[in-house]
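Step one of this worksheet: look at the structure below.
The values are calculated or read from the model by the stated rules, or taken from the named source; none is laboratory data. Small disclaimer: the values here were computed from a predicted structure and weren't measured. Please note: Cβ atoms are built from the backbone with ideal geometry, for glycine as well, and neighbour counts cover all protein chains shown. The area values use the complete protein model at the heavy-atom level, side chains included, leaving out ligands, DNA and RNA. Shrake-Rupley method; radii C 1.70, N 1.55, O 1.52, S 1.80 Å.
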Amino acid sequence: MSVDSNNGPLAGLRRPFEGPNTMGNTPSFWLGFVAAVAVLAALPILFGYYAAEIGAVFLAYALLGVSLAFIWGYCGILSFGQVAFFGIGGYAFGVVAINVPTLTGATLGLLAAIAVSTCFAAALGYFMFYGGVRDVYVTILTLVVALVLYTFMGQTAGGEWAIGDARLGGFNGMSGVPNLGIGIGSTGLEIGIVGHYYVTLSALVATYLGLRALVNSRFGYAMVATREDESRTEMFGYNTTFIKFAVFTIGGAIAGLSGVLFTTQNNYIDPSVFGITAAALPVVWASVGGRTSLLGTVGAALAIQFVDYQLALSGSEWALVIIGSLLVFVVLVMPEGVAPRLRDLVVNYRSSEPTPADAPAGTEEVSD
Amino acid sequence: MGTSDPTVMTTQAVDETGEGTSRILQTRNLRKEFGGLTATDDVDFALEEGELRCLIGPNGAGKSTFLNLLTGQLEPTAGKIYYDGHDVTDLPSYERVDRGISMKFQVPSIYEGLTVAQNLRIPLQQVADGDAFETRTREILERFDLLAERDTVASNLSHGQQQRLEIGMAMALEPTLMLLDEPVAGLSVEETAEIADLLREISDDDGVALIVIEHDIDFVESIADRVTVLDQGSIFREGTVEAVKSDPEVKRIYLGEDH
Amino acid sequence: MATPELLNLGFEFVEIFAFIVLATVGLAVIFGMMGIINLAHGEFILVGAYATSFAVAAGLPLAVAMAVGVVATAAFGLVLERLIIRRLYGRLLDSMVVTWGISLVMIQLTRIAFGNTAPGVGIPFGQLPVVDGPVYYLVLAVVAVGVLGGLYALFMWTDFGVRARATMQDEETARSMGVDTDRMYMATFAIGSGLAGLAGALYAPVMTVTPEYGTSFLVESFVAVVVGGSSVLLGTILASGFLGTVNAAFTNLAGTFMGQVAMLVAAIVAIRLMPDGITGLLSDLREKWGESE
Amino acid sequence: MLELMNLRASYGKTPILRGVDVAVDEGEIVGIMGKNGVGKTTLIKAVVGLLEADEGTVVFDGEDVTDEPADVRARRGMGYIPQGRDVFPGLTVEENLRMGETINEGDDRLQYEAVYDYFPILEERRDQKAGTMSGGQQQMLAIGRALIGNPELLLLDEPSEGVQPSIVQDITRDLRSVNEELGTTICFVEQNLHVVQNLAERCYAIDKGEIVDELGPDRLESRDAVTEYLAV
Amino acid sequence: VAEGGLVGLGDGSSGPTVAILEDRSGTFALTGTAKYRTTKLAIEEINRDGGILGEEIDVFAPDPQSDNMRYQDLTRYAIYRENVDVMWAGYSSATREAIRPIVNEHEQLYFYTTQYEGGVCDNTVFPLGATARQQLGAVVPYMIEEYGDEIYTIAADYNFGQLSGDWVKIIAEEHSAEVVGEEYIPLGESQFGSTINDIQSADPDFVMSMLVGQDHSSFYEQRLASGLTDIPVGTSTNMAQEREHLRIDPPALEDVYAGVSYMEELPTERNEAFVERYYDRWDDAEYINQEAQNNYFSVYLYKEAVERAGTFDQEAVIEELESGIEVEAPEGDVTLDPATHHVEHNMRVAHADETHEISFDDERTIEPSFLHDVGCDLTSEAEQTQYEPADYYEVV
Ligand SMILES: Nc1ncnc2c1ncn2[C@@H]1O[C@H](COP(=O)(O)OP(=O)(O)OP(=O)(O)O)[C@@H](O)[C@H]1O
Ligand SMILES: Nc1ncnc2c1ncn2[C@@H]1O[C@H](COP(=O)(O)OP(=O)(O)OP(=O)(O)O)[C@@H](O)[C@H]1O
Ligand SMILES: NC(N)=O
Ligand SMILES: [Mg+2]
Ligand SMILES: [Mg+2]
């Protein structure tokens, strides 16, 4: 621990975001965090539109990963269907924005999409948790919900499957989804490629900080207690059913937001977002990065998708073999994920150092 | 059979005349069946405010079942539970806790992955925050002799420390009624004595009512004013420890001739 | 409804029932007995199908080729259990993540090694006289029921079964009772794998064998296991019956798509109403019935 | 029958047993006592093979079994009753008993009736899932399960925990008669004064992973001598 | 933030770069591999003959592995980093739709060559495959004439299949025939028990099959096992694309009739020479499907347009493509229709007998008339639409 970890000049600013439920409660961690955000922010300046366009997709994925790490890592709910909310958010935005092809539509679309995915998650959560569905059954049920959506959206090719001007489009997907924008009518801001990148990055950073504050709050402890032992927690006067319901709903809202960011980047969405491969990706990111580490999950999502992208460019058939093996390897060797392992390394390293203040700056400590 | 107590009252009656009786808990015809087996058989049970009652009885008599009915872990087949003058039969567990019932399970069930301080935080943040929270944390750790273990992960505590932590957590809720299922099982004589002192203290100093299940009759003797003997789901005897201990029927079904 | 139509509907039910049972048993044994959620279940089925296809292509008679498929999958499962799965006991969710990784690898390796199709295997036995369909589907149904009966006897009545179940519940204690628990794990996993291989082998003649072959079984098997609940074998029968009925009825009324959707929706509702599955509900009912005694 | 020489064992890096020497003769009833967390359970686990010894030897029936896995030792005739009633919760009572037979491949197993005689409740509940039995009922099942294989050596870890007083007395008596009638050697861990005094012929006291005392029949008579080690 | 620096980077050589994004693995590898190979073959032939405008063609050809997400990534990469002059990409319509927003945003010249549902009217996209209207227009009237006027449609349950089903109805009506039943089968379904029952009970004169993918080819084996081979099958998808007649043992495809613009078996001298060149180049190749042939001739179409334009500039090339170009394709001479960016194909009916021998019948040229009817004219108006028959025909 750094000497000034609890009374530096910025300690007051940091306090709401720190606590035993998150890793990285030191000034050097925050230094590294700011540096990492700065690097991400610089990417479009350094590498232009292309980096912005590709990078925004990765960041949207990272946000999806965060939504899972939050509910799985902190509340023990493994949803295999986060993509359901992701996809619903994307489609909902498309439906609204296509029907109202002005900035009003884009603005409404964003609000509507988050509302719809939140409500859907709330409905599903209510249905499951108040119905006594538990553990692995939640996992499989959420997966089945995603697969039902996949099957359902796949057969919406016909013209009758339109909401106003927006064709759902079956497997061919919904095309012509407008860009993000804020405004009324034609006055306002349409968000272009680079703007979109920064919007996505901001959403990710804001969500991360918000969730950090949440998990270190009173509610956060209740979540962790629920994860550790539900019936015990109930005996301490917590309505664990409600806690799970609320957490699941928040997770759905975040996934919905990431879906909007993803869909507006591609101006297109199709049912494959609900498919089993897509459904498994958030689970992969959270497992590899460390589900109890929001930042670890972000890092894993970015890294894995980047590697996958590079493998795709190389055209290698081995991409899936490599990703799959990586997953098996990480879970077997580091059951908690990479970030917690790194944290342990850093902690061990520090405690073996006579002068902890000299420990290398935060970049070492990649976990949150 | 349940001793039919002429003072058993309906909810309303309790509400109106509560002061006269100072009765904190009362069950009426409480019944729980598992398939063909009646684990709790029409039990009428009553507990005074601040009383420390031990529940003894043969294995399988239905002691744990009875306690689990009180906490809401199990749903009764029939009957009513009144707590502090209110019918709580249909309330979920967490709402019963809000009203002041807390419980320690038969098997230790602390949060093994969390530290002692984090464990304590879960109940404590329900009743205190800010400075009060810090003070209370310290107080409880001191009282249960866990100050040195503050940052120890609970799974690394000894059995006795775990038991103390769990009682401490139940106390943190500032309950008016505490239910303990075999709190000294597997503890050494020394630790058993420590727990006995603790429970007496909780009862005498804090005025908390307690129901304690235990097979260790010496322990029971060292803490309890009155004991209730359950057998085959029903209240078999109720009275002072001496009276119950010397009852030949209790000897026959439960204590054996050594006692 | 006219008799031939009823017969056709019945035939359809038998077909779907057999499919769900055979798709599910392997998964059910591995999940229910060992607490491993095998997301690579479909790819175990794939191993059975490929082995069968290649054995037929190599000139073996179909029945022998199918036996090859079963044995190959059991052996494959055995190897995987020793290398990977045994590290996952007691880690339910991790097992799901790891086996998903395995599934990715297997699909892609199959593709790289064998291309996009395996050699075709014709449907044996010709067609039925009354209803329009292959005799083979009836054979599948008989095998499905036989497998369930055999498994029930094996796990409930034999010493092996009691030991295997005991091992899965508490390995340490079972070992201290003289059970070679490593062998129990291997044997149980191999049986589960072999059953997956059996499904692959039996459906190799009916369905085109491609690297994605296994995914056709996945949804049905998972849904059936979950709807079935904790008593895996009884659960498999009841869930297959229930889901098969829903699927057959809706397929008949409104086509294959509606059949599938109806089945999935029925499954979701079923889990909501019976969080512990059909067999969970049964034991609750047993408890309730006891009350009136 | 059983001889432990300089036995050392640990969980991870924490040493728990620091060189234990124990010898139990055929037909003896030997107790092991000590306060919580001193390593009694660890010792028993090292004997039955659920924990690997770091150092030292375990000799059973004249043979060095130190490197044998638990299941092999069990089949040699070690019966074990774990602390905390580790019955198989999903198996029925009768299936649990059936598991007990596993350790004995010979034909001198006990009949179910014999076990039911000791614990009638087990016969009544033969088809009930063990996990739904009460705490004490599970303990009886655990004992019955070990008896049925008719082991040469019976190792019990706190058999009285959670059992009602009268049955504790019954169990004590039953174990004595098993010892007398079947010649079973018994080695048990206990916290319960009555059991220690009424069952043990000889008793080791353990503290911090080492044998610190051995009590013969005369000292076992004395309540004070015994409680010293239960409340060290 | 400036795009500059990127655009200029290029790849050193000044010659044209072509993206071939065709699946060599995954679900569509069976057709995609041949598409990739024929494109490569054409480019190699052109390079050997001195390239286009004297420039050698560079190829950017990673394997998208039948994954639409990869297609999106690769399309962006091709446009931004490889700065490609033209691209061939994708087998399924879903792939085309997934990348069309990117293609549109960057006004990228794009050839989509799969036979498809039709209706795409898009200023930088050239959908050169035969449309459902063209393929079904060849086979359905032929089947009605030969077998009768009761039709049972089974089709893959997605955009292409459903629209094809609509076209069967339209064409049936035009020929006073009737669709007596239709069933849409989920992609990936490989059990046809109930479908076959339904066909048996409806007892049509023939079945129209627009089944897609390898899972669906189980239909033919199950058709044989259920004794359904006495009912002939017309198709716009099978045989010419996934060579079911070669993959499945006879006589499962007995009396299957496909409306095609091309099959490898086409017995013309020009085609036989093409087939020989192909197998010389790719000795492990298995089959040249219909779309692979489209890829091949469209490379020449592109070459012709560039040479006429005298530049690789995409706008100029598109303008030349819209001037009505004709090339000698293995299927016969084909003409690009300037207004719709589609091709007037030489359509024929291919018949498989009980040994799966292929014979051809009823050859004629069918123009892409639907888009004309709806008023698509890309020479005068830039559009990015996909029209559907439901908007213009009562019967669907
Ligand atoms: N879920 C259940 N299903 C069936 N029977 C049950 C269930 N739970 C408890 N029982 C039975 O109910 C009876 C009472 O059990 P309970 O656990 O309350 O006993 P207890 O008095 O606490 O005993 P002990 O002192 O041994 O802990 C026992 O016979 C037990 O087998
Ligand atoms: N699985 C384990 N991992 C790490 N440490 C352990 C483990 N099991 C026990 N210990 C520790 O080893 C020490 C000895 O434990 P053991 O269970 O042998 O004690 P015991 O004498 O049987 O105590 P009790 O009377 O409470 O049963 C204790 O300090 C305990 O905390
Ligand atoms: N264009 C097709 N077959 O999807
Ligand atoms: Mg109890
Ligand atoms: Mg112990």
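Here are a few things to note about the model shown:
- Residue in segment B:126-147 that is in contact with a strand residue (DSSP E or B) (Cβ under 6 Å, 6 or more places away or on another chain) and not acidic (Asp, Glu) present: no
- Count of residues meeting criterion [open to solvent by less than 10 Å² (accessible area, probe 1.4 Å), in a loop (DSSP other than H, G, I, E, B) and either touching a helix residue (DSSP H, G or I) at 6+ places or on another chain (Cβ under 7 Å) or within 16 Å of ligand 1 (Cβ to nearest atom) (or both)] in segment D:24-47: 1
- Members of segment E:356-365 found to be out of contact with any Asp or Glu (no Cβ under 6 Å at 6 or more places or on another chain), closer than 28 Å to E:ARG247 by Cβ and either open to solvent by 30 Å² or more (accessible area, probe 1.4 Å) or part of a strand (DSSP E or B) (or both), listed by number: E:GLU357, E:SER359, E:PHE360, E:ASP361, E:ASP362, E:GLU363
- When D:ALA74 is tested against (1) under 21 Å from D:GLY144 (Cβ atoms); (2) away from ligand 2 (no atom under 16 Å from the Cβ); (3) within 14 Å of chain C (Cβ to nearest Cβ); (4) surrounded by fewer than 22 Cβ atoms within 10 Å (Cβ to Cβ), just one condition goes unmet, and that condition is (4).
- Residue selection: B:ILE202 fails the criterion of being within 16 Å of ligand 1 (Cβ to nearest atom), β-branched (Val, Ile, Thr) and surrounded by fewer than 24 Cβ atoms within 10 Å (Cβ to Cβ).
- Residue in segment C:101-119 that is more than 14 Å from chain A (Cβ to nearest Cβ) and hydroxyl-bearing (Ser, Thr, Tyr) present: yes
- Of the strands (runs of 3 or more DSSP E) lying entirely inside segment E:120-230, those containing at least 1 residues that are facing another protein chain (nearest Cβ under 8 Å) span E:178-185.
- Restricting attention to segment B:39-67 and to residues that are in contact with a strand residue (DSSP E or B) (Cβ under 7 Å, 6 or more places away or on another chain) and among the polar types (S, T, N, Q), the residue that is nearest to ligand 4 (Cβ to nearest atom) turns out to be B:SER64.
- None of B:SER246, B:SER234 is under 27 Å from B:ASP41 (Cβ atoms) and open to solvent by 70 Å² or more (accessible area, probe 1.4 Å) except B:SER246.
- Taking the criterion of being open to solvent by 10 Å² or more (accessible area, probe 1.4 Å) and either within 9 Å of chain C (Cβ to nearest Cβ) or among the basic types (Lys, Arg) (or both), the residues of segment D:88-97 that qualify are D:PRO89, D:GLY90, D:GLU95.
- Among the residues listed as E:TYR257, E:TYR287, the single one being in a loop (DSSP other than H, G, I, E, B) and in contact (Cβ under 8 Å) with a residue 60 or more places away in the chain: E:TYR287
- Check on D:PRO69, within 12 Å of chain C (Cβ to nearest Cβ), over 25 Å from D:GLY183 (Cα atoms), more than 16 Å from ligand 1 (Cβ to nearest atom) and open to solvent by 60 Å² or more (accessible area, probe 1.4 Å): yes
- Segments classed as helices (runs of 4 or more DSSP H), wholly inside segment A:158-268, with at least 3 members that are in contact with an Asp or Glu (Cβ under 9 Å, 6 or more places away or on another chain): A:193-215, A:218-228, A:240-266
- Only residues that are over 21 Å from the mean Cα position of the chain (by Cα) and surrounded by 14 or more Cβ atoms within 10 Å (Cβ to Cβ) were counted across segment A:30-59, and they come to 6.
- Test: residue in segment D:117-131 that is surrounded by 23 or more Cβ atoms within 10 Å (Cβ to Cβ), modelled with pLDDT of 85 or more, away from ligand 4 (no atom under 16 Å from the Cβ) and more than 18 Å from D:PHE188 (Cα to Cα): yes
- Among the residues making up segment A:121-133, those that are surrounded by fewer than 19 Cβ atoms within 10 Å (Cβ to Cβ) and free of Cβ contacts under 8 Å to residues at least 60 places away in the same chain are A:ALA123, A:PHE127, A:GLY131, A:GLY132.
- When each of B:ILE235, B:ILE217, B:ILE195, B:ILE213 is tested for being within 14 Å of chain D (Cβ to nearest Cβ), within 16 Å of ligand 1 (Cβ to nearest atom) and out of contact with any His (no Cβ under 8 Å at 6 or more places or on another chain), the lone residue that passes is B:ILE213.
- Residue list for segment C:267-292, filter: open to solvent by less than 60 Å² (accessible area, probe 1.4 Å), at pLDDT below 80 and outside any helix (DSSP H, G or I): C:PRO275
- Options A:PHE236, A:PHE219: the member that is in contact (Cβ under 8 Å) with a residue 24 or more places away in the chain, within 14 Å of chain B (Cβ to nearest Cβ) and closer than 30 Å to B:ARG99 by Cβ: A:PHE219
- When segment A:304-340 is filtered for residues that are more than 12 Å from chain E (Cβ to nearest Cβ), in a helix (DSSP H, G or I) and under 21 Å from the mean Cα position of the chain (by Cα), the ones remaining, listed by number, are A:ILE304, A:VAL307, A:ILE323, A:GLY324, A:LEU326, A:LEU327, A:VAL330, A:VAL331, A:VAL338, A:ALA339, A:PRO340.
- Candidates A:THR118, A:THR142, A:THR107 - the one that is open to solvent by less than 20 Å² (accessible area, probe 1.4 Å), part of a helix (DSSP H, G or I) and modelled with pLDDT of 90 or more: A:THR142
- Residues being open to solvent by less than 30 Å² (accessible area, probe 1.4 Å) and either modelled with pLDDT of 90 or more or closer than 30 Å to B:PHE66 by Cα (or both) - total across segment B:119-148: 12
- Restricting segment A:157-188 to residues that are surrounded by fewer than 22 Cβ atoms within 10 Å (Cβ to Cβ) and among the β-branched types (Val, Ile, Thr), the residue that is modelled with the highest pLDDT: A:ILE163
- Within segment E:314-354, the residues that satisfy the criterion of being touching a residue at least 24 places away in the same chain (Cβ under 8 Å), part of a strand (DSSP E or B) and over 17 Å from the mean Cα position of the chain (by Cα) are E:VAL327, E:GLU328, E:HIS351, E:ALA352.
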